[in-house]
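Engineer: Pasting a structure below so you can have a look.
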Amino acid sequence: RAHAPAATAEAEAALLALGRDAFAGLAAEDPEAVEFWWRRFAAFVPWFVGWDAERRALSAAVLVETDGSLPLDLAQGHCLTLSTRADRMERRRDGQLAILDYKTGTPPGVNEVLTGLNPQLTLTAALAARGAFPALPAGAGPTAALLGYLRVAGPRGEGLERSIVSKKEPLAEVIERQFAALVTHLDEYLNGLRGFASHRRPRKSAYRS
């Protein structure tokens, strides 16, 4: 949010300085952990600066940790506010909206997102389409959404970008279907048509005779 210098060396120096400040508190408590993670972070900085520069060249604006919320009118007069904080949103020069989430571990798989097992990005796009982000202009809808994850600081410092691509149907339809399913699901809870299961959609189920 604070630094977007054009020169690569300046960008790397700024990011390393932010990292030192962020690691300072941990250093007093767990210097071994700092030693381990700093190597990854320092190796990641050049990769990220190059990646970020390419993305910014395609973007009219880059929004960082952007808050959004939307009240949902539900059954029996109830209201629930769905809120989120997007790690990174890019208003592309071609009119598209890119929504990215940073992960320090392995990002969710594409099928996990498309089938609704991990709906974080799709619901964020649905909120953007409904004007839930004050920082975004009206009309940034799911028909123009690009969704993806960025794994930061891999074992050798490298990053990994994973784009969510739907081959069977338009991504906009996936986004709208998952948002509608959420509202329907909440209404079923309120109307007593669905019980509160401990795992609504478990990835794996084991049965023993």
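The values are calculated or read from the model by the stated rules, or taken from the named source; none is laboratory data. None of the values given here were measured: they were computed from a predicted structure. Reconstructed Cβ throughout: ideal geometry from the backbone, glycine too, with neighbour counts over all protein chains shown. Just the protein is used for accessible areas: all its heavy atoms, side chains included, with ligands, DNA and RNA removed. Shrake-Rupley method; radii C 1.70, N 1.55, O 1.52, S 1.80 Å.
Engineer: Sort through 138, 153 and tell me the only one that's buried (at least 17 other Cβ atoms within 10 Å of the Cβ), modelled with pLDDT under 95 and assigned to a loop (DSSP other than H, G, I, E, B).
Structural biologist: 153
Engineer: If you take the residues of segment 61-82 that are in contact with a strand residue (DSSP E or B) (Cβ under 6 Å, 6 or more places away or on another chain) and polar (S, T, N, Q), which of them is surrounded by the fewest Cβ atoms within 10 Å (Cβ to Cβ)?
Structural biologist: 81
Engineer: Is it the case that residue 88 is within 17 Å of the chain's Cα centre (by Cα) and closer than 30 Å to residue 26 by Cα?
Structural biologist: For residue 88, the condition - within 17 Å of the chain's Cα centre (by Cα) and closer than 30 Å to residue 26 by Cα - is met.
Engineer: May I pose another question? Scan 194, 85 and give me the residue that is assigned to a strand (DSSP E or B), open to solvent by 60 Å² or more (accessible area, probe 1.4 Å) and either under 28 Å from residue 75 (Cβ atoms) or at pLDDT below 90 (or both).
Structural biologist: 85
Engineer: While we're on this one: In the list 156, 151, which residue meets the criterion of being among the charged types (D, E, K, R), in contact with a helix residue (DSSP H, G or I) (Cβ under 7 Å, 6 or more places away or on another chain) and within 20 Å of residue 45 (Cβ to Cβ)?
Structural biologist: 156
Engineer: What are the pairs, 6+ residues apart or on separate chains, where a residue within segment 87-99 that is free of Cβ contacts under 8 Å to residues at least 60 places away in the same chain and at positive phi has its Cβ under 8 Å from a residue that is of a type in the set (Gly, Ala, Ser) and open to solvent by 10 Å² or more (accessible area, probe 1.4 Å)?
Structural biologist: Here the result reads 95/144, each pair linking segment 87-99 to a residue that is of a type in the set (Gly, Ala, Ser) and open to solvent by 10 Å² or more (accessible area, probe 1.4 Å).
Engineer: Quickly run through segment 91-107 and pick out the residues that are at pLDDT below 95 and open to solvent by less than 20 Å² (accessible area, probe 1.4 Å).
Structural biologist: Passing the criteria: 97, 107.
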